[in-house]
Amino acid sequence: MQIALARVAVLVSGAAILVVETLATRLVAPYVGLTLESTTAVIGVALAGIAFGAALGGRRADTSDPRRVAAVALAVGGLGVLAVRPLVRLVGPLLGSGPSAAILLVVVSTLVSVTALAAVTPAVTRARLDGLEGSGGVIGSLSALGTIGSLAGTFLTGFVLVALLPVSAILLVTAAACLVLALVVATTRTRREIVNVSGSAAVLAALLVAVPGRCDVDTTYYCASVVPGDRPTERILVLDDLQHSAVDLADPARLRFAYTQRFADAVDTAFPAGRPLSAVHVGGGGFTMPRRLAATRPGSTSTVLELDRGVVELGERELGVGTIPGLTIRVGDARTGLAALPDASADLVVGDAFGARSVPWHLATAEFVDEVHRVLRPGGLYVVNVIDRDPLALLRAVTATVDDRFGSVAVMARPEQLAPGGGGNAVVVVSDRGIDTAALAARAAARGEPGSVLDPARTRALVGDAAILTDDDAPVDQLASWGR
């Protein structure tokens, strides 16, 4: 095999493996969630496939024509790449959430393609070896090229391709590259065998496009869709497998979800009715709270820190986000975005950023809360949405962390949510001045959630000995018990 062809084969196979691995996290998220466990499952299965494929490819290359082994591996890998998305969409709905489901879904959808593509490098290396002399240089150079290909696949996918192309197009291009290269690498006899799989490739390519998924659009981070609500003018934003936001296009003050109603209770208890507020929103979603503030407190300004430009664009197309008065949107990470805001520039900070069901860990630590405190004016309010289940370790840790930095905190959750076996969305209300929990409780009771505001004593009892989350130690995904 010519050295140039060997290099191309190793580069392409290495890149294709990492394209599959990078996209797999996005593909499985609508079915098993986007968590540390699902990300770990993708990495772990990829490494297992690479190890198995390398061993298998090397063994087969010692007993068969190594060019044939490399060509077949590229062909099987290309077909496997085409099958990744259809398999996820067909098998995903049959599984639940949690670590086991994540591992199983990743294995079913990606292991074959990764294993086959990992077999290319040892087969090509064997084809290039004529003897022991110079073998070290051949092995080392091709191994390095495989790593360079993996780096290219990682950076191109994460920084360029996902922003420019749909996931289906990225997979089609990757599979096509593998299949074409298989024909080029193959011997004359093997080439006929690979041409015979063209029918399979056509079927898988059709399935890649045709098998329906759960989203209207693949954004940079989510499988996103907007679905109708209970009213003709209500819309619900679904990100991956979770309903994130609901808005009533005709009545911005109407709030569907309890956690947004609690946000509104906290805001209306802390500030006089109708007073314009300067607010910062950590996470945009459906832009429910900026919309409500603009409607109920004319003259308010809202700065939204939203990581995913695709979510913003979907909101502008289908949720009327562009018509919200006083709205500024900053696309990027919320922590760096918050750090860029001036001191004492906001009356209100709303924390509603999620990766699946957990607050991103770096938005839950004491260091992040310090930034919130810096941005808030004296007497300002911080409200944060937390999803957790019994034993509520994440809720307890988040509450302990904000309490350590602010000193006045209340938790809003229905009694059954805090009881054994309970769970759901809870709202933590924080300020550097006293929180009027009695007035807050009265508002909650008036709208149908009596007993849902914990006074300081009950809040301290809930927190117990929970540790304060820091940048050095914030195991948010492990603390969260939702879906386990």
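Please treat every number below as a calculation from the coordinates, not as lab data. Keep in mind it's a predicted model, so treat the numbers as computed, not measured. With ideal geometry, Cβ positions are generated from the backbone for all residues, glycine too; neighbour counts draw on all protein chains shown.
What the table shows:
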| read-out | value |
| --- | --- |
| Student exercise, the chain dipole from Lys, Arg, Asp, Glu Cβ charges, in Debye to nearest 20 | 1300 debye |
| Packing rank of 415-427, 45-57, where each peptide gets the mean count of other beta carbons within 10 Å, highest leading | 45-57, 415-427 |
| Cα coordinate range in the chain, projected on the principal axes (Å, largest first) | 82, 47, 42 |
| Against the rule of thumb 2.2 N^0.38 Å, how large the Cα Rg of segment 3-213 comes out | 1.00 |
| Fully extended contour minus Cα-Cα distance, from Ala442 to Thr336, at 0.36 nm per residue | 34.5 nm |
| Hull-based mean projected area of segment 290-418, where the convex hull spans the alpha carbons, in square nanometres | 8.7 nm² |
| With Cα atoms, 0 to 90° folded angle of helix 309-318 axis to the chain main axis | 60 degrees |
| Cα pair count fraction exceeding 34 Å, expressed as % - segment 223-479 | 9 percent |
| Computed label-point distance, nm, for sites Arg317 and Arg275 using a 7 Å Cα→Cβ extension | 4.1 nm |
